[in-house]
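Asker: Below is a structure I'd like to ask you about.
The values are calculated or read from the model by the stated rules, or taken from the named source; none is laboratory data. Keep in mind it's a predicted model, so treat the numbers as computed, not measured. Cβ placement follows ideal geometry from the backbone for every residue including glycine, while neighbour counts extend to all protein chains displayed. Protein only, heavy atoms only, side chains kept; ligands, DNA and RNA dropped before computing areas. Shrake-Rupley method; radii C 1.70, N 1.55, O 1.52, S 1.80 Å.
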Amino acid sequence: MNSASRRTDSCVWCGRQVAESGIGRRRRYCRQSCRQRAYEQRNQVKGTSLPLDAVVLTSEEASAMVDRLFQVRCAAEDVATAIAEGAADHEVESLCTDLVRIAREAECFR
Ligand SMILES: [Zn+2]
């Protein structure tokens, strides 16, 4: 499983993982409200210089995303520090579990 193929399983509106439908075309949105908001935005940006699929975030949403990315970096640094200091396997494993959880939360940008 490579990261590029996993990325396409993310909702193009909010970034959350899209549940596999099993058959037919891959779903682009995780839920109906995301599909609806994407539709509304396409209508709002029509005739402007913004691309139809532009990702428009409020400054609050953008700074929350930056905060989440910062948390990912801190968690990654915790793993690196633990390994450098020769921490026990179970401690490193626990830190990695945290890192994966924090990174997963950071994938959602709305
Ligand atoms: Zn979504």
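Asker: Could you say whether any residue in segment 37-51 is open to solvent by less than 60 Å² (accessible area, probe 1.4 Å) and within 16 Å of the ligand (Cβ to nearest atom)? Talk me through it step by step, then tell me what you get.
Answerer: At the first step, the residues of segment 37-51 found to be open to solvent by less than 60 Å² (accessible area, probe 1.4 Å) are 38, 41, 45.
Then keep just the ones that are within 16 Å of the ligand (Cβ to nearest atom); that gives 38, 41.
Yes, that holds for at least one residue.
Asker: To continue, here is another question. When you look at Thr58, is it modelled with pLDDT under 95, β-branched (Val, Ile, Thr) and either out of contact with any helix residue (DSSP H, G or I) (no Cβ under 7 Å at 6 or more places or on another chain) or more than 17 Å from Gly15 (Cα to Cα) (or both), yes or no?
Answerer: Details: modelled with pLDDT under 95: yes; β-branched (Val, Ile, Thr): yes; either out of contact with any helix residue (DSSP H, G or I) (no Cβ under 7 Å at 6 or more places or on another chain) or more than 17 Å from Gly15 (Cα to Cα) (or both): yes.
Criteria met by Thr58.
Asker: Is one or more of the residues making up segment 20-29 of a type in the set (Asp, Glu), part of a loop (DSSP other than H, G, I, E, B) and either touching a strand residue (DSSP E or B) at 6+ places or on another chain (Cβ under 7 Å) or open to solvent by 90 Å² or more (accessible area, probe 1.4 Å) (or both)? Show your work before the answer.
Answerer: Taking segment 20-29 first, the residues of a type in the set (Asp, Glu) are 20.
If we keep only those that are part of a loop (DSSP other than H, G, I, E, B) too, we end up with 20.
Then drop every residue that is not either touching a strand residue (DSSP E or B) at 6+ places or on another chain (Cβ under 7 Å) or open to solvent by 90 Å² or more (accessible area, probe 1.4 Å) (or both), which leaves 20.
Taking every residue of segment 20-29 in turn, at least one turns out to be of a type in the set (Asp, Glu), part of a loop (DSSP other than H, G, I, E, B) and either touching a strand residue (DSSP E or B) at 6+ places or on another chain (Cβ under 7 Å) or open to solvent by 90 Å² or more (accessible area, probe 1.4 Å) (or both).
Asker: If you check Gln71 against the conditions, is it in contact with an Asp or Glu (Cβ under 9 Å, 6 or more places away or on another chain) and at pLDDT 95 or above? Write out each step before concluding.
Answerer: Numbers: in contact with an Asp or Glu (Cβ under 9 Å, 6 or more places away or on another chain): yes; at pLDDT 95 or above: yes.
Judged against the criteria, Gln71 is a match.
Asker: Only one of (1) over 20 Å from the mean Cα position of the chain (by Cα); (2) under 15 Å from Trp13 (Cα atoms); (3) not assigned by TED's automatic domain parsing to the domain that holds Ser10 is not met by Glu40, so which one is it?
Answerer: Single failed check for Glu40: (3).
Asker: In segment 66-110, what residues are in contact with a strand residue (DSSP E or B) (Cβ under 9 Å, 6 or more places away or on another chain) and basic (Lys, Arg)?
Answerer: Arg104
Asker: Which of the residues belonging to segment 81-102 are assigned to a helix (DSSP H, G or I) and among the charged types (D, E, K, R)?
Answerer: Asp89, Glu91, Glu93, Asp98, Arg101 - these are the residues of segment 81-102 that are assigned to a helix (DSSP H, G or I) and among the charged types (D, E, K, R).
Asker: I'd like to know if segment 12-27 contains one or more residues that are among the aliphatic types (A, V, I, L, M), more than 15 Å from the ligand (Cβ to nearest atom) and over 22 Å from Ile102 (Cβ atoms). Outline the logic, then answer.
Answerer: Let us first name the residues in segment 12-27 that are among the aliphatic types (A, V, I, L, M), namely 12, 18-19, 23.
Then keep just the ones that are more than 15 Å from the ligand (Cβ to nearest atom); that gives 23.
Narrowing further to those that are over 22 Å from Ile102 (Cβ atoms): 23.
Within segment 12-27 (the criterion being among the aliphatic types (A, V, I, L, M), more than 15 Å from the ligand (Cβ to nearest atom) and over 22 Å from Ile102 (Cβ atoms)), the answer is yes, since at least one residue qualifies.
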